[in-house]
Structures are given as structure tokens and as C-alpha cells.
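Participant: This is the structure I have questions about; it appears just below.
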Amino acid sequence: MHDNLLLIDGSSLLSCCFFGNLPREYRFAKTDEEKDKYIEKLRQSPKGEFTNGVFTMMASMLKMIKNQNPTHIAVAWDLTKEFTFRKKLYSEYKGTRKDMRSELGSQFALAQKVLKEMNVPEFVFKEYEADDIIGTLAKKFGRSMRVSIWTKDQDCLQLVDDNVRVWLITSKCTDMYESLGINIKELNIPSGVFEFTTQYVNHFYGVDPIQIIDRKAIEGDSSDNIPGINGVGEKSVIPLLQEFETVEGIYDFIENSPEKEIKKMFKDLGILRSPLSKLVEESNEKIVGKKAALLCKQLATIKCDIEELNNITIDQLKLQIDEEGMKNIFTELGFTNLLN
């Protein structure tokens, strides 16, 4: 069996598992007050700890390990958005996200405890996010083995190459495969994911994996509160990147060409509504135009060279589940049916 590394975005997976295993009353509650009424319906341990997300995450991971047979594994976690290098670059980064409710927030430390008892390698850093950890490990070991990244974060698509694939958690996976004429049941991939290769990133996003960064730099990303360039959308971004490859390439053309030539190029690229005024906009009050694009590119770029991971060896990521440790923690949390 060939060596293969499974990298898991723990924060992304736990959140998905939490929201995927909720009682109906809680799921459809519209206010915090309504949710509070039904909070006791969430799965809990014998000690009263909320465990619905952790339980579903462990069930999903065990199924993944059984069906995909990874030889090596690592789980990456976000610690806090407040102290990351991106927050230092742009104070409004992820600034629109609501505070996490305690019934989910409390399960992060619990999930990490469970994985520690199971002897599953985990990584978390104050300054970096989970996708930076994943990016560093993928680039470090992707030259010598197949790497699969399990996440709901589309940012990770920038990491896809010949040896690195992303298993993107999405409710649209069946429809996506059907649009390609592929029967998902005939594929050996995890349920609920679409497996992104270089070819499929290009098919669905119109750009190469590494250009996902540049596309996000211009379009922005409301979920991360990355502004991009207001008023410049995919109908302009995709043809511009297909022609000039990067944000820097676009601005190199604009800054070294007469306006008449620029407008002709836009027309030749099939861009019906010229984005030029937005691309070259300047302001002392707000971040716009080139300044916005270059800042947003920094925010969108996954860091693949975390120094703290320099000395990690592939042997440290070898999948070696501690069966006794798993049995003890599962029993403590009331997960005994997972031991079957």
C-alpha cells in the first residue's frame, strides 16, 4: 500500500458535524432565546458536556479511516481569529462573524482531548489558522506522497496540485458529479464531499488552483470579511486572470497601457462592463483599487512555510490509533456504540 496523508481541518469538520446533528427544534430556532429553550435536547455526555459535534466528528473520522486507509494523519485547528497574522494585516478580518455559542465552542477543547487520547497528531498555533497548518504540511510532504485535505474551506483549493487533492465538504457534491456525467456511487471517495483535482478546480472556478488566491483578492469573500474590489465580479475577474494570470499581471498591463488599448483588451476578453474605474480607484479614506487587491491577496494566501513545523517528520504523523485510549474516552463520553 502506498503512503498517503490525510489532513483534516478540525475546526471546519467539527462545526459541520455540530450543525449536522441537531434536534429539529434547536435547528429551526430563529433566536438565541429560542435555542436556549431546546439546548438540553443536544447530545450530552454522562457528565453533562455537549457532545453532538464531537460524536459525529469521531464517527465520521473513523468511517473515513476505515474506507480510505490513510497511512498518516494530522488534524489542524484554529485557535482564535484575534491574534492571527491576518488580523494584524487587516483589523476587520473576519470581523462580521457572530460570537460562537457555548454549546459549540465548548466542544473544540473536548474534540482535541478525544483525539489526544486516540493518539491522533494535532496542531494549533496562535498566529496561524488551520489552513496555514494544512498548507505547510501538504507542501512539506506532498512531494513524496498523496495528500488528501478534508475541509469545508474553499480557500484550500489553492493547495491542489498533482499530489494534493481537496475533499471539499458540500451539499452540492452529487449535483456537481452529475453535471460531469459521473456516478458518485462508482467513486471511492468519502460521502458528502467533492474531490477537487487541478482539472476540476479549473472547471468549476474558471482558474487554476493557485489563482484561487487572485480571484478572491479581487472578488473578496464576505464570510472572511475580505472586501476585494467593490463592483468587480467573476464576469470580469475570470477572463482577466485567464489572460494576465495574477493580480500583479493585471495591474502591470493597466499601468503600462493607454486607456484605449485597455478598453479594447477588455472588450476582446468578452468583458461587457469595463471594471477599469474600480480597478484604478484611489482613496485616502478607504481601501480600494490596487491597494485593496494586494492587501486581500495577502489575506487570501495560505501560508505554506510555518517555521514551527520545520522539524516535523512524516513518521510523527503515522496513523497509530491508541485503541485503549479511544475505548476509555469513548466510554467516558457515552460513545460506546462507536466502539462496535
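Participant: As a footprinting exposure proxy, order Val280, Val193 by other Cβ within 10 Å, with the fewest listed first.
Facilitator: Numbers: Val280 16, Val193 19.
Fewest-to-most ranking of Val280, Val193: Val280, Val193.
Participant: Return the long-range amide H neighbours of Asp221 (sequence gap of 5 or more, or a different chain), with a cut-off of under 5 Å between placed amide H atoms.
Facilitator: Ile226, Gly228
Participant: Karplus couplings for segment 249-262 from phi (6.51 cos²θ - 1.76 cosθ + 1.60, θ = phi - 60°), rounded to Hz, Gly and Pro as x?
Facilitator: x, 4, 6, 4, 5, 4, 6, 10, 9, x, 4, 4, 5, 4
Participant: By count of other Cβ within 10 Å, fewest leading, how are Glu332, Glu324 ordered? Walk me through the intermediate numbers first.
Facilitator: Numbers: Glu332 16, Glu324 10.
Neighbour counts put them in this order, fewest first: Glu324, Glu332.
Participant: How large is ³J(HN,Hα) for each residue in segment 10-19, as worked out from phi by the Karplus curve 6.51 cos²θ - 1.76 cosθ + 1.60 (θ = phi - 60°), to whole Hz, x for Gly and Pro?
Facilitator: Coupling constants for segment 10-19: x, 5, 5, 5, 4, 4, 4, 5, 4, 6 Hz.
Participant: Please list 19-25, 5-11 highest first by mean number of surrounding beta-carbon atoms within 10 Å per residue. Please list the in-between numbers first.
Facilitator: Values: 19-25: 14.7, 5-11: 26.6.
In descending order of packing, they fall as 5-11, 19-25.
Participant: For the chain, what does -39500 (n - 2.57) per DSSP helix run (n ≥ 4), summed and divided by total residues, give at 222 nm, in deg cm²/dmol to the nearest 500?
Facilitator: On the way: 16 runs with 152 residues, N = 340.
Calculated from helices alone, the mean residue ellipticity at 222 nm is -13000 deg cm²/dmol.
Participant: With θ set to phi - 60° and the Karplus curve 6.51 cos²θ - 1.76 cosθ + 1.60, what are the ³J(HN,Hα) couplings of segment 273-283 in order, to the nearest whole Hz, using x for Gly and Pro?
Facilitator: 10, 4, x, 4, 4, 6, 5, 9, 4, 10, 7
Participant: While we're on this one: Hey, what did the chain get for relative contact order, percent, Cα under 8 Å, at least 6 apart?
Facilitator: 21 percent
Participant: May I pose another question? Do you know the relative contact order of segment 210-300, to the nearest whole percent, from alpha carbon pairs under 8 angstrom that are 6+ apart?
Facilitator: Working: 105 pairs, mean separation 36.7, N = 91.
Rounded, it is 40 percent for segment 210-300.
Participant: Compute the Cα gyration tensor for segment 82-180, then decide on rounded, prolate or oblate, letting a ≥ b ≥ c be the square roots of its eigenvalues: rounded whenever a/c is under 1.5, prolate when a/b is larger than b/c in the other cases, and oblate in all that remain.
Facilitator: Cα axes put segment 82-180 in the rounded bin.
Participant: Separate question: Beta carbons within 10 angstrom, averaged per residue: use that to sort the peptides 55-65, 32-42, highest first.
Facilitator: The peptides rank, most packed first, as 55-65, 32-42.
Participant: Using the Cα centre of segment 61-129 as the reference point, and only Cβ charges (+1 on K/R, -1 on D/E), how large is the resulting charge dipole? Debye, rounded to the nearest 20. Please report the intermediate quantities before stating the final value.
Facilitator: Values: 13 positive and 9 negative charges, 27 e Å.
My answer is approximately 120 debye.
Participant: In addition: Taking the Cα centre of the chain as origin, sum charge times position over the Cβ atoms of Lys and Arg (+1) and Asp and Glu (-1), and report the length of that vector in debye to the nearest 20.
Facilitator: Working: 45 positive and 53 negative charges, 133 e Å.
For this selection, approximately 640 debye.
Participant: Please list, in order, the residues from segment 104-141 whose amide nitrogen is less than 12 Å from a point placed 7 Å along the Cα→Cβ vector of Lys47.
Facilitator: In segment 104-141, the label zone of Lys47 (backbone N under 12 Å from the point 7 Å along Cα→Cβ) covers 110-111, 113-114.
Participant: Out of residues 5 or more away from Gln44 or on other chains, whose amide H comes under 5 Å of its own, with H placed 1.01 Å from N in the peptide plane?
Facilitator: Answer set, sorted by chain and number: Thr51.
Participant: Please compare each pair in Lys81/Lys286; Lys235/Lys264; Lys116/Lys297; Lys94/Lys140; Lys98/Lys139 to a cut-off of 26 Å on the Cα-Cα distance and tell me which ones are over it.
Facilitator: Working: Lys81/Lys286 23 Å; Lys235/Lys264 16 Å; Lys116/Lys297 35 Å; Lys94/Lys140 28 Å; Lys98/Lys139 32 Å.
From Lys81/Lys286; Lys235/Lys264; Lys116/Lys297; Lys94/Lys140; Lys98/Lys139, over 26 Å: Lys116/Lys297; Lys94/Lys140; Lys98/Lys139.
Participant: Checking the a/c ratio against 1.5 first, then a/b against b/c, what shape does the Cα gyration tensor give for segment 1-107?
Facilitator: On the way: a/c = 2.61, a/b = 1.17, b/c = 2.23.
It comes out oblate by the Cα gyration axes.
Participant: Given the Cα-Cα distance of Ala109 and Glu243 and 0.36 nm per residue of separation, how much length would full extension add, in nm?
Facilitator: Numbers: separation 134, 0.36 × 134 = 48.24 nm, distance 4.62 nm.
Here the answer is 43.6 nm.
Participant: With an 8 Å Cα cut-off and a minimum separation of 6 or more residues, compute the relative contact order for segment 1-124 in percent. Numbers along the way, then the final one.
Facilitator: Values: 117 pairs, mean separation 43.4, N = 124.
Here the relative contact order equals 35 percent.
Participant: Also: Just how large is the dipole of segment 210-300 about the Cα centre, in debye to the nearest 20, putting +1 at every Lys and Arg Cβ and -1 at every Asp and Glu Cβ?
Facilitator: Working: 13 positive and 16 negative charges, 55 e Å.
In total the dipole reaches around 260 debye.
Participant: Let me ask you something else. Please name whichever of Phe123, Ile39, Tyr177 sits farthest to the positive end of the charge dipole of the chain, dipole taken about the Cα centre and charges placed at Cβ: Lys and Arg +1, Asp and Glu -1.
Facilitator: Of the listed residues, the answer is Ile39.
Participant: Tell me which residues come under 5 Å, amide H to amide H, from Glu122 once H is placed; ignore anything under 5 positions away on its chain.
Facilitator: Val75
A short reminder: the numbers here are calculations on the coordinates, not readings from a lab. Bear in mind that the values here come from a model prediction, so they are computed numbers and not experimental data. In this analysis, Cβ positions are derived from the backbone assuming ideal geometry, glycine residues included, and neighbour counts consider all displayed protein chains.
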